[in-house]
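**Student:** Quick one: structure below, then a few questions.
Values in this text are rule-based calculations from the coordinates and carry no lab data. Predicted model only: the values in this text are computed from it and were never measured. Note that we place each Cβ from the backbone using ideal geometry, even for glycine, and neighbour counts take in every protein chain shown.
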Amino acid sequence: MDKKIGLCWIKDDFRINRNPALCEATKNHEQVVAFYLYKKSKFEKQEAQKWWVSNSLNLFKKKLNDFNINLQIVKTNTYKEFFDQLFLRKDYAIYWNKIYEPNYLKFDKYLEKNFFEKKIKFKIFKGNILNEIDEIKKGDGTPFKVFTPYWRNAEKYFIEKVPSNSKKVSRCKKINSYFKSTINEKEILPQKNWYKKFENYWTPSEEEAIKELKKFIKERIANYSENRNFPSIIGTSKLSPYIKHGHIHVETIWDECKKIRNKGINKFLAEIGWREFNHSLINYFPHMLNENYSKKFDKFPWRKNSKFLYAWKNGLTGYPIVDAGMRELRHTGWMHNRVRMIVGSFLVKHLLIDWKNGETHFRNCLLDYSEANNVAGWQWVAGCGADAAPYFRIFNPILQGEKFDKDGKYVRKWVPEIKNIPNKFIHKPWEFNNDLNFKIGKDYPSPIVIHETARNEALNAFKKIK
Ligand SMILES: Cc1cc2nc3c(=O)[nH]c(=O)nc-3n(C[C@H](O)[C@H](O)[C@H](O)COP(=O)(O)OP(=O)(O)OC[C@H]3O[C@@H](n4cnc5c(N)ncnc54)[C@H](O)[C@@H]3O)c2cc1C
């Protein structure tokens, strides 16, 4: 046993199972301190995530306590500032799991160099992903840009080496504190109270993630391929915030799925595959984090229209399926994937507003916000991403509503103003004009754009960059 303190840097790793950094720290050291670095600027445009992280810290702290591991939260302006101070001490060894975002991986290099030069023991582990990014490449060594061949290779590669889950976190000897200046997780909570509603929907703990996974596999995965498209049904796993913040490892999901056989499993694992693909993309093409992946879109004639953007963000566009999605997001911190595609398409194609505005809004409101999935999701919708939906394929929000929310159950839930409108008009309430109790433009907004006109304008705008 190493007499020094074992430090474990917790990032998106709020779990005991399959947490290699924590396992190794507790294997090598009698006394272990876990720490979370709260960098305020990281969360400036991620309000919803502050709630998730604050609560995750609270629950994980209690869990680590059972292992006599103290979880300390340290506030810092920059990670560099924190670590430059830490380099001055020599009474520890340090462990952490990777986060597959270019800035984190770049910073790992800085830490590696410094810990090595200063002869401080450190170890970095694979993070919450099936395959390391550089393990999956085309035969010629270049990265995949299309999902299907990517996943075919990635799945095969993973199956050949499925890692075992034999390592466990051990109980330690209590050490009360290592860092002097720490904060309470409550300090991380957003200033505004809108997050209060999240408590009705989510419990950010590892137990909850595992419970939800098991329930999903038992009750819903068999019909996942069909039901995943209907927002009024709980047909998907709703695991995204847990996966993003590492309450559950994707290898655990893989293992649990492979214990049973049914037709939903491959489709479900392919969605996990999209997440892998997106992480690969942002690391091989990091320019896409801030710019169009496809350069030709740099000339796209986006419009600036704050009134439209406001209506979109607040669920007041007059298109029920769009408004329901945006309200679900604000209320629960999550939105159904089909609806993410519809509202995204509406912003970039009907309103001709740059996808970056949507990306920023989602980042602020999503509990599952993930740098890779969000930016790739938006560029997929906008048509400027890798393996994206072609720009000229424009979702019709009325037909999408009629197809995926036929009886209007979803829109009635989130847009109660129209709850009494008959099914025939539920996705085009402006055509319903024979009820004295409902007036379009007064009880619910008139559509801010006309679908056909907006569609033609979008196609004309697209011609300019062809
Ligand atoms: C515009 C847009 C923005 C998005 N932003 C995010 C984001 O910030 N964070 C995020 O996790 N997902 C994002 N997605 C992808 C997807 O909508 C969510 O992952 C999914 O809705 C989460 O619900 P679920 O856990 O029930 O998914 P399930 O259908 O149960 O899928 C299981 C897991 O697979 C992954 N996954 C599923 N669909 C996708 C997908 N299309 N792309 C990548 N991974 C996927 C997620 O980790 C998900 O939890 C975005 C999609 C779009 C169109």
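**Student:** Take the residues in region 272-291 that are buried (at least 18 other Cβ atoms within 10 Å of the Cβ) and not aliphatic (A, V, I, L, M), then tell me which one is farthest from the ligand (Cβ to nearest atom).
**Tutor:** My answer is 280.
**Student:** Okay, moving on. If you scan region 224-243, which residues turn out to be closer than 19 Å to residue 209 by Cα and not basic (Lys, Arg)?
**Tutor:** 224, 234, 235, 236, 237, 239, 240, 241, 242, 243, listed by residue number.
**Student:** Another question, if that's okay. List the pairs whose first member sits in region 272-289 and is without any contact (Cβ under 8 Å) to a residue 24 or more places away in the chain, whose second member is within 14 Å of the ligand (Cβ to nearest atom) and assigned to a helix (DSSP H, G or I), and whose Cβ atoms are under 7 Å apart, counting only residues at least 6 apart or on separate chains?
**Tutor:** Pairs found: none.
**Student:** Among the listed residues 393, 340, identify the single one that is within 16 Å of the ligand (Cβ to nearest atom), among the basic types (Lys, Arg) and touching a Gly at 6+ places or on another chain (Cβ under 7 Å).
**Tutor:** After ruling out the rest, the residue left standing is 340.
Per-residue answers, yes or no, for (1) surrounded by fewer than 20 Cβ atoms within 10 Å (Cβ to Cβ); (2) polar (S, T, N, Q):
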site	(1), (2)
2	yes, no
17	yes, yes
34	no, no
40	yes, no
46	yes, yes
57	no, no
75	yes, no
84	yes, no
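**Student:** Would you confirm whether any residue within region 376-386 is more than 24 Å from the chain's Cα centre (by Cα) and not in a helix (DSSP H, G or I)?
**Tutor:** Taking every residue of region 376-386 in turn, none turns out to be more than 24 Å from the chain's Cα centre (by Cα) and not in a helix (DSSP H, G or I).
**Student:** What number of residues within region 64-73 are assigned to a helix (DSSP H, G or I) and surrounded by fewer than 18 Cβ atoms within 10 Å (Cβ to Cβ)?
**Tutor:** 1
**Student:** Looking at region 161-185, which of its residues are loosely packed, with under 13 Cβ neighbours inside 10 Å and β-branched (Val, Ile, Thr)?
**Tutor:** 162
**Student:** I've got another one for you. Being in contact with an Asp or Glu (Cβ under 6 Å, 6 or more places away or on another chain) and in a helix (DSSP H, G or I) is the filter here; which residues of region 220-267 pass it?
**Tutor:** Hits for region 220-267 are 240, 241, 244.
**Student:** To continue, here is another question. Tally time: how many residues in region 361-383 are closer than 26 Å to residue 190 by Cα, among the polar types (S, T, N, Q) and more than 7 Å from the ligand (Cβ to nearest atom)?
**Tutor:** Residues that pass the stated criteria total 1.
**Student:** Going residue by residue through region 229-251, is there one that turns out to be under 26 Å from residue 132 (Cβ atoms), away from the ligand (no atom under 13 Å from the Cβ) and surrounded by 19 or more Cβ atoms within 10 Å (Cβ to Cβ)?
**Tutor:** Taking every residue of region 229-251 in turn, at least one turns out to be under 26 Å from residue 132 (Cβ atoms), away from the ligand (no atom under 13 Å from the Cβ) and surrounded by 19 or more Cβ atoms within 10 Å (Cβ to Cβ).
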